[in-house]
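To start, the structure itself, in structure tokens.
The values are calculated or read from the model by the stated rules, or taken from the named source; none is laboratory data. Bear in mind that the values here come from a model prediction, so they are computed numbers and not experimental data. Ideal geometry is used to build each Cβ from the backbone, glycine not excepted, and the neighbour counts take in all protein chains shown. Surface areas here come from the heavy atoms of the whole protein model, side chains and all, with no ligands, DNA or RNA. Shrake-Rupley method; radii C 1.70, N 1.55, O 1.52, S 1.80 Å.
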Amino acid sequence: MTVPDPDLSRCAWAQTHPLNAAYHDAEWGVPEYDSRALWEKLILDGFQAGLSWLTILKKRDAFREAFEGFDPERIAGYDETDVERLLGNAGIVRSRSKIEATIGNARAYLAMRDSGEDFADFLWSMVGGRPIQDSIGSDGSVPTQTPLSVDISKALKKRGFKFVGPVIVYAWMQAVGMVNDHAEDCHRRKPVAAMG
């Protein structure tokens, strides 16, 4: 991990731990257009529900190992033996419902692909193909969900996804750069370019 520059101004949450700062500076809010990477991040945001993002960052490598690089093809084939294996893995969040949702979400992801619906294209089309700027309220508040995150949540649920409620979806939209919610004084606040 690269040690973050302590002199840079960051979003408040990114100032609480060096892992948060490094993630903030390198990944959070950077537009992601790769379908598999978007899917992995959505799964991790689902696992984060009820926990801190720092917990997930600390366990991210263990998650990647336990879920075989977040390969949807492999995960879609998991059975009860795999669920039990994952429940026994202290390196990840051991929640049966979240593990089973990940397996179901792999199947939903593959069903979209097999029907000709690209995951990235589908999701980015819902924001017009470019990051949304200025979601921060005039008082500096950041929403936990928006009408758009509600719509995306509904669209994903309709396709069979679980652990994709509007709050999880909005946090994921922030993480993958669909919305730019960096604080006004954050060194990463400047608008990012749209897909080329």
Checklist entry - Looking at the range 86-99, which of its residues are in a helix (DSSP H, G or I) and open to solvent by less than 30 Å² (accessible area, probe 1.4 Å)? => result 86, 98, 99
Checklist outcome for this item: Reported set for the range 75-97 where residues are among the charged types (D, E, K, R) and under 13 Å from residue 40 (Cα atoms) is none
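Okay, residues lined up against (1) touching a Pro at 6+ places or on another chain (Cβ under 9 Å); (2) open to solvent by 40 Å² or more (accessible area, probe 1.4 Å); (3) under 13 Å from residue 175 (Cα atoms); (4) not in a loop (DSSP other than H, G, I, E, B):
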{"position": "28", "(1), (2), (3), (4)": "no, no, yes, no"}
{"position": "31", "(1), (2), (3), (4)": "yes, no, yes, no"}
{"position": "36", "(1), (2), (3), (4)": "yes, yes, no, yes"}
{"position": "43", "(1), (2), (3), (4)": "no, no, yes, yes"}
{"position": "47", "(1), (2), (3), (4)": "no, no, no, yes"}
{"position": "50", "(1), (2), (3), (4)": "no, yes, no, no"}
{"position": "55", "(1), (2), (3), (4)": "no, yes, no, yes"}
{"position": "59", "(1), (2), (3), (4)": "no, yes, no, yes"}
{"position": "62", "(1), (2), (3), (4)": "no, no, no, yes"}
Checklist entry - Of everything in the range 110-133 that's open to solvent by 50 Å² or more (accessible area, probe 1.4 Å) and at positive phi, which residue is modelled with the highest pLDDT? => result 116
Next on the checklist: Suppose the filter is more than 19 Å from the chain's Cα centre (by Cα) and hydrophobic (A, V, I, L, M, F, W, C); does residue 87 pass it?
Outcome noted: yes
Item to check | Answer from 83, 150, 142 - the residue that is in a loop (DSSP other than H, G, I, E, B) and open to solvent by less than 70 Å² (accessible area, probe 1.4 Å) | outcome: 142
